[in-house]
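Everything on this sheet refers to the single structure shown next.
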Amino acid sequence: MIKKIIYCITAFVFVFQLAGCSVNKQSAQVLQSIKLDKEKIMYVEKFHADGRGIDQLIAAELTKRGYKAISVGQVDASLENVGIIVTYFDKWIWDLSMYMLELDVQFRSPKDRFSLVKGNSYHTSLTRKSPEEMVSEVIGNMLKKIENQ
Amino acid sequence: MKKVYNLIKFGVVVLFSLMAVGCSFSNIEPSEMAANAQVVKHHQGSVQVKVTGGETKEDQLKITNESFKQSIVNAINKSKLFGSTGDGKSDYRLDVILNSLDQPAMGFTMTVNMEASWIVTRISDNKMMWRKSISSTQTLGVSDETGGVARVRRTTGEAAARNIEKALAEISKLDL
């Protein structure tokens, strides 16, 4: 009886893993025409539920690509030389270990916080990427779209 | 013979599991996003609605462009925010871009966060009259909806409905 139960659980887990491991999505879209000014600062606003410092990874990635980027708690009127507000959310899930399932990034107008460019990557367990790779993939796709607009 | 029996048994379990995991999650229907917008004033002109950025695949438990568009049109018609809606010649165009949809993978209490960008353009001179990225959220627990998948569906639908209500309320304040 126990053997049968283990058999069924193994089969279910196997299928559950298959069903969950096959999704790979990455996308970027320019919603409104945008020109990034390298002299102005891109402020990365920290996502309230992020305890892993993804804001700093995003700022570092933008800096690596030649932009001035700073991570902040919340963008307000006290900040100067604001070029773009960068917001994001990251979603993590457990599968033997915790990994980043999804990263969604938006570049926003500092005037009205309207979303100008969006980028999203979604990789399930078998094709999981490190947070640095996820950030690089999303930011890379967004900047490529801006260049080609 | 026993091996064949075991193989069939395994196949049945696999099929059942596949059905439970990924084969029955249709996208959110317009009726699940029914919005009751409270409008301040009514605009006389006609409007055409265009939605982009939504899910294009079936069976994803997400929001498609078509279903969100239908919900917006239904809400506009119900609230009489604009004189009429249609895809033909119109006075205004309402562009809606589904920016993000943050749904929970699991949990007892489920919160869905959604953001859509709304743009109103006057067609005669192609002038953008208003734009805003609008966020909405909805949280439901087991007491609201017992089944997990049903809970995600209802939470997502209601988050989308709140987004439409917020947007239409703001558009109703505009001087078009």
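Rule-based calculations on the coordinates, nothing more; no lab input. On a predicted model such as this, the values are computed, not experimentally measured, just so you know. Backbone-built Cβ (ideal geometry, glycine too); neighbour counts: all protein chains shown.
Quick notes on this structure:
- The residue among B:His42, B:Phe68, B:Asn126 whose Cα reaches farthest toward the positive pole of the charge dipole of segment B:2-171, with charges on the beta-carbon of Lys, Arg, Asp and Glu, is B:Phe68.
- Seen against the Cα atoms of chain A and their longest principal axis, helix A:131-147 is set at about 50 degrees.
- Qualifying trypsin sites (Lys or Arg not before Pro) in segment B:57-118, DSSP loop, other Cβ atoms within 10 Å at most 10: B:Lys57, B:Lys89
- Only helices enter this figure: runs of n ≥ 4 DSSP H residues, each worth -39500 (n - 2.57), summed and divided by the residues of chain A, yield -10500 deg cm²/dmol at 222 nm to the nearest 500.
- When only the Cβ of Lys, Arg, Asp and Glu is charged (+1, +1, -1, -1), the dipole of segment A:23-147 relative to its Cα centre reaches about 320 debye.
- By the count of other C-beta atoms within 10 Å, a proxy for reagent exposure, B:Arg122, B:Arg153 are ordered fewest to most as B:Arg122, B:Arg153.
- A dipole drawn for the protein assembly as shown from +1 and -1 charges on Cβ atoms has a positive end, and of B:Met33, A:Thr63, B:Gly83 the residue lying farthest that way is B:Met33.
- The alpha-carbon of B:Lys80 sits under 19 angstrom from the alpha-carbons of these aspartates and glutamates, leaving out residues fewer than 8 places away in its chain: B:Asp91, B:Asp95, B:Glu165, B:Glu170, B:Asp175.
- Along chain A, longest interval not containing exposed GluC sites (Glu not before Pro), exposed being DSSP loop plus at most 11 other Cβ atoms within 10 Å: A:81-149
- Overall dimensions of chain A by Cα: Rg and Dmax, Å: 18.8, 70
- Per residue Cα convex hull volume in Å³ - calculated over the protein assembly as shown: 171 Å³
- Taking trypsin sites (Lys or Arg not before Pro) as exposed when DSSP calls them loop and at most 11 other C-beta atoms lie within 10 angstrom, chain A has its longest site-free stretch at A:39-110.
- Loop-located chymotrypsin sites (Phe, Trp or Tyr not before Pro) in segment B:105-169, at most 14 other Cβ atoms within 10 Å (DSSP): B:Phe108
- Within segment B:2-171, percent of DSSP bridges classed antiparallel, to nearest 5: 70 percent
- Signed unit charges on C-beta, dipole axis of segment A:23-147, positive-most listed residue A:Thr87, A:Thr124, A:Val30: A:Val30
- Using the alpha carbons alone, the radius of gyration of segment B:2-171 stands to its Kirkwood radius in an Rg to Rh ratio of 1.13.
- When each of A:Lys68/B:Lys62; A:Lys46/A:Lys68; A:Lys91/B:Lys50; A:Lys25/B:Lys166 is checked by Cα-Cα distance, pairs over 25 Å: A:Lys68/B:Lys62; A:Lys91/B:Lys50; A:Lys25/B:Lys166
- In degrees, nearest ten, helix A:2-20 long axis to first principal axis of chain A (Cα): 30 degrees
- Here the protein assembly as shown carries DSSP beta bridges of which approximately 75% are antiparallel, counting only pairs with both residues inside.
- Compared with the dominant principal axis of the Cα atoms in chain B, helix B:65-79 is inclined by about 50°.
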